[in-house]
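Input: a single structure, listed below in structure tokens.
The values are calculated or read from the model by the stated rules, or taken from the named source; none is laboratory data. All figures in this text were calculated on a predicted structure; none of them were measured in a lab. We place every Cβ from the backbone using ideal geometry, glycine too, and count neighbours over all the protein chains shown. Ligands, DNA and RNA are excluded from the accessible area calculation, which covers all protein heavy atoms including side chains. Shrake-Rupley method; radii C 1.70, N 1.55, O 1.52, S 1.80 Å.
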Amino acid sequence: MCRAIGGNLQRLAVYCGANAGKNPAYAETTILLGKTMAARGVDLVYGGGRLGLMGVIADTVLADGGRVHGVIPEMLKDLEVAHTGVTELHIVQNMHERKAKMTDLTDAFVALPGGVGTMDELFEAWSWNALGYHNKPFAILNIDGYWDSLIAFLDTMTEQGFVSVERRKHLIVSDNIADCLDRLAAACNSEAGSFTW
């Protein structure tokens, strides 16, 4: 169940890279997202790491007085990549439990630039929504065109009949932080779609 109050989300899961990437815009926009979330009173739910964009978003939300809920597998914690300064750190056994716990904790999902882990998380959130396991909205924050090629391929999947037009519309795509958060909040209480791909 989504915890949107007065059109605002209470918790947002942010999927992003454990690296900062080559384009400075990725970290700059991640900082702006963190500041906007804290200003709106939106808690961060994320993968619990201290490196890359993951560390940037967590540090920013915390520095601006927000709350951060990290979820990290035991193995990664033992490798000392866990962010020990977050509001709440959940230690789980594996990646499957991590994604399930993040889904339980959050009201909506957004993907920033990242690698295969970020894509895995985004597509699992989408597929779980498609199958009716949750009705929480999900988005891509398309920083400096990072996701352009993926978005084009998703359109190809739709054109070729592997993703329905209705299912394709469920993915919110925006290059503007305020617009992205507003659209997620507006979609938060909408019902899960039909089982059509």
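Things worth noting here:
- Per residue solvent-accessible surface (Å²) - the range 48-197, probe of 1.4 Å: 47
- Extension gain from GLU88 to ASP155, taking 0.36 nm per residue of separation minus the Cα-Cα distance: 20.3 nm
- Exposure here means at most 15 other Cβ atoms within 10 Å; with GluC sites (Glu not before Pro) in a DSSP loop as sites, the longest stretch of the chain lacking them is 81-190.
- Once Rg and the Kirkwood radius are both taken over the C-alpha atoms of the chain, their ratio Rg/Rh works out to 0.94.
- Where labels lie 7 Å past Cα in the beta-carbon direction, separation of ALA25 and LEU79 in nm: 3.0
- Solvent-accessible area, 1.4 Å probe, carbon plus sulfur percent, for the chain: 54
- Charge dipole (debye, nearest 20) of the chain; +1 at Cβ of Lys and Arg, -1 at Cβ of Asp and Glu: 280
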